[in-house]
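Structure in C-alpha cells, see below.
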C-alpha cells in the first residue's frame with residue numbers, strides 16, 4: 001500500500017504547526033518577566049531621562065541619571081538592572097535579585113530605600129519574582145553606571161528630585 005505524497009509532506013508540516021501552538025499556549029518565563037518589568041515600571045526609575053519624561057529607550061534599564069534625595073539617606077540614583085558584570089546585576093544570582101525586589105535587601109545586606117517600592121513588590125508570587133529575575137538576567141549586558149550615591153550633607157554632581165516625608 002502506498003501513502004499519497006501529499007500526506008507524506010503534510011504530516012511533518014502539521015507536527016511543526018502543533019509544536020508552535022503548544023509553545024504559544026505556555027509563554028516562556030522571560031515573557032512573563034518582561035511583562036512584569038513593564039507593569040511594575042522598572043524603567044520609570046532605572047532608565048536615563050525617564051524621571052523627566054524623556055526616557056532614553058536605547059539605554060533602557062541601564063540606570064538613571066537623576067536621583068532621589070531622601071531625608072536621612074542622601075541622594076540615591078537607581079542603578080543598572082542589566083546583567084552587565086561591572087555596572088549592573090551581572091554578578092547577582094537569581095535569588096539575590098528576588099531578595100532585593102521582594103525584601104529590599106542587597107547581596108551585601110544593605111537595605112534598599114523605600115523609594116524602591118519593594119514593600120509593594122513583596123506580594124509577588126514566587127513564580128513571578130523568579131520570572132522577573134529571569135528576564136533581567138536574559139537582557140543583553142549593557143554598561144551604564146548611575147551616578148554614585150551621595151551621603152546627606154554633601155553636594156550631588158547630578159540632578160535629583162526631593163522626596164519629602166509626609167507630616
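The values are calculated or read from the model by the stated rules, or taken from the named source; none is laboratory data. Keep in mind it's a predicted model, so treat the numbers as computed, not measured. Cβ atoms come from the backbone with ideal geometry, glycine included; neighbour counts cover every protein chain shown.
Restricting the range 36-51 to residues that are over 15 Å from residue 147 (Cα atoms) and in contact (Cβ under 8 Å) with a residue 24 or more places away in the chain, which is surrounded by the most Cβ atoms within 10 Å (Cβ to Cβ)?
42
May I pose another question? Name the one entry in 78, 140 that is at pLDDT 95 or above and under 18 Å from residue 30 (Cα atoms).
Only one candidate passes the filter, namely 140.
Just to be sure before I move on: is residue 63 in a loop (DSSP other than H, G, I, E, B), surrounded by fewer than 16 Cβ atoms within 10 Å (Cβ to Cβ) and within 15 Å of the chain's Cα centre (by Cα) in the structure I sent?
When the stated conditions are applied, residue 63 does not pass them.
Could I ask something else about it? Does residue 114 count as over 12 Å from the mean Cα position of the chain (by Cα), closer than 27 Å to residue 54 by Cα and in a loop (DSSP other than H, G, I, E, B)?
yes
So which residues in the range 112-160 are surrounded by fewer than 13 Cβ atoms within 10 Å (Cβ to Cβ) and within 24 Å of residue 38 (Cα to Cα), if there are any at all?
119, 120, 122, 123, 125, 126, 127, 140
Scan (1) within 29 Å of residue 98 (Cβ to Cβ); (2) surrounded by 10 or more Cβ atoms within 10 Å (Cβ to Cβ); (3) modelled with pLDDT under 95 for the single condition residue 22 breaks and write down its number.
Evaluating residue 22 over (1) within 29 Å of residue 98 (Cβ to Cβ); (2) surrounded by 10 or more Cβ atoms within 10 Å (Cβ to Cβ); (3) modelled with pLDDT under 95 leaves (2) as the failure.
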